[in-house]
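Novice: Here it is, the structure in full.
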Amino acid sequence: MPTIDLIALDADDTLWHTEYYYRQAQNHFVTLLAAYHVPEQTALDVLHRIEISNLTSFGYGIRGFTLSMIEAAVEVTGGQVRGSDIQSIVDIGRGMTTHEIRLLPGVEETLESLSKGHRLMLITKGDALDQQSKVDRSGMSGYFRWIEIIPDKTPQAYADILKRHDIPADRFVMVGNSPRSDIVPVLDLGGWAVHVPYEMTWAHEAAVELPEYSRRYFEISHIDQLCDVIRNIEQISL
Ligand SMILES: [Mg+2]
């Protein structure tokens, strides 16, 4: 009898590159503001502060990020930013909704292999429209029994998903790149968590303390190690 009922995977920067596109957009934003003599670090610092403060109003994702870029541009230029530059910022945001989906190496092979013996779920947070579009464009949706797009990955959000699918936390594994979103809330609930760090992490997602030691916590350097870790978890939890 398998001891794990459900393996859930994060999408952004776990299955495919995402943060890369945010950094690229930020670079465009900084270049645009250089024409107003705004130093790069000032532009980035103000943008980050406004992004965080806007999370409660606009949520995670491209729309909130675009509105934050506009608000930051207004602030750092003292209200002098031109309408044509606001249009350019909106265009930067729109461009982010259609970029190609670049899978991380080993993702498809791992999903194929895991889906043979386990039920898989994709859990991603952010704008429903954008996240659904990425899932569709990725070509990976067929490997997942369920796809959950939620506003934020809080312990309550995970608890609600497990309750809805009638899965005990100790038979649930979450896999992802973000300590804040994918690891800590799941360990807090009594589930298993596998951290696969991505090459860059948005400061907000990294800014939590990982548990010093938990027998239900694993870190791997590459997703192709995931099948071995799942086998290991199933041994330990027997
Ligand atoms: Mg992620």
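Novice: Hey, can you tell me all the residues within the range 9-58 that are crowded, with 17+ Cβ neighbours inside 10 Å, more than 16 Å from the ligand (Cβ to nearest atom) and not in a helix (DSSP H, G or I)?
Specialist: Val38
Novice: Within the bounds of the range 118-125, is there any residue that is in contact with a helix residue (DSSP H, G or I) (Cβ under 8 Å, 6 or more places away or on another chain), part of a loop (DSSP other than H, G, I, E, B) and not acidic (Asp, Glu)?
Specialist: yes
Novice: Report, ordered by the first and then the second residue, all pairs with beta carbons closer than 6 Å, sequence separation of six or more or different chains, a first member in the range 155-182 that is free of Cβ contacts under 8 Å to residues at least 40 places away in the same chain and more than 15 Å from Ile233 (Cβ to Cβ), and a second member that is within 16 Å of the ligand (Cβ to nearest atom) and of a type outside the set (Val, Ile, Thr).
Specialist: Pro155/Pro185; Tyr158/Pro185; Pro179/Leu210; Arg180/Glu205
Novice: Same structure, new question: Within the set of pairs 6 or more residues apart or between chains, which connect a residue that is touching a residue at least 24 places away in the same chain (Cβ under 8 Å) and of a type in the set (Gly, Ala, Ser) inside the range 129-143 to a residue that is assigned to a loop (DSSP other than H, G, I, E, B) and surrounded by 18 or more Cβ atoms within 10 Å (Cβ to Cβ) with Cβ atoms less than 7 Å apart?
Specialist: Ser138/Leu15
Novice: Working only within the range 198-238, note down all residues that are more than 18 Å from Ile7 (Cβ to Cβ) and either at pLDDT 95 or above or surrounded by 17 or more Cβ atoms within 10 Å (Cβ to Cβ) (or both).
Specialist: Tyr198, Trp202, Glu205
Novice: In the list Gly64, Gly106, Gly59, which residue meets the criterion of being within 20 Å of Lys134 (Cβ to Cβ) and in contact with a Pro (Cβ under 8 Å, 6 or more places away or on another chain)?
Specialist: Gly59
Novice: Just to be sure, is Leu129 crowded, with 18+ Cβ neighbours inside 10 Å and of a type outside the set (Lys, Arg)?
Specialist: Criteria not met by Leu129.
Novice: Under 8 Å by Cβ, and 6 or more places apart or on different chains, what pairs join a residue from the range 10-28 that is at pLDDT 95 or above with one that is within 7 Å of the ligand (Cβ to nearest atom) and assigned to a helix (DSSP H, G or I)?
Specialist: Asp10/Ser181; Asp10/Asp182; Thr14/Asp182
Novice: Now, a different point. For the range 78-95, name all the residues that are touching a residue at least 40 places away in the same chain (Cβ under 8 Å), among the hydrophobic types (A, V, I, L, M, F, W, C) and out of contact with any Ser or Thr (no Cβ under 8 Å at 6 or more places or on another chain).
Specialist: Result: Val81, single match.
The values are calculated or read from the model by the stated rules, or taken from the named source; none is laboratory data. Since the model is a prediction, treat every value here as computed from it, not as a measurement. Here the Cβ is made from the backbone with ideal geometry for all residues, glycine too, and neighbour counts use every protein chain on show.
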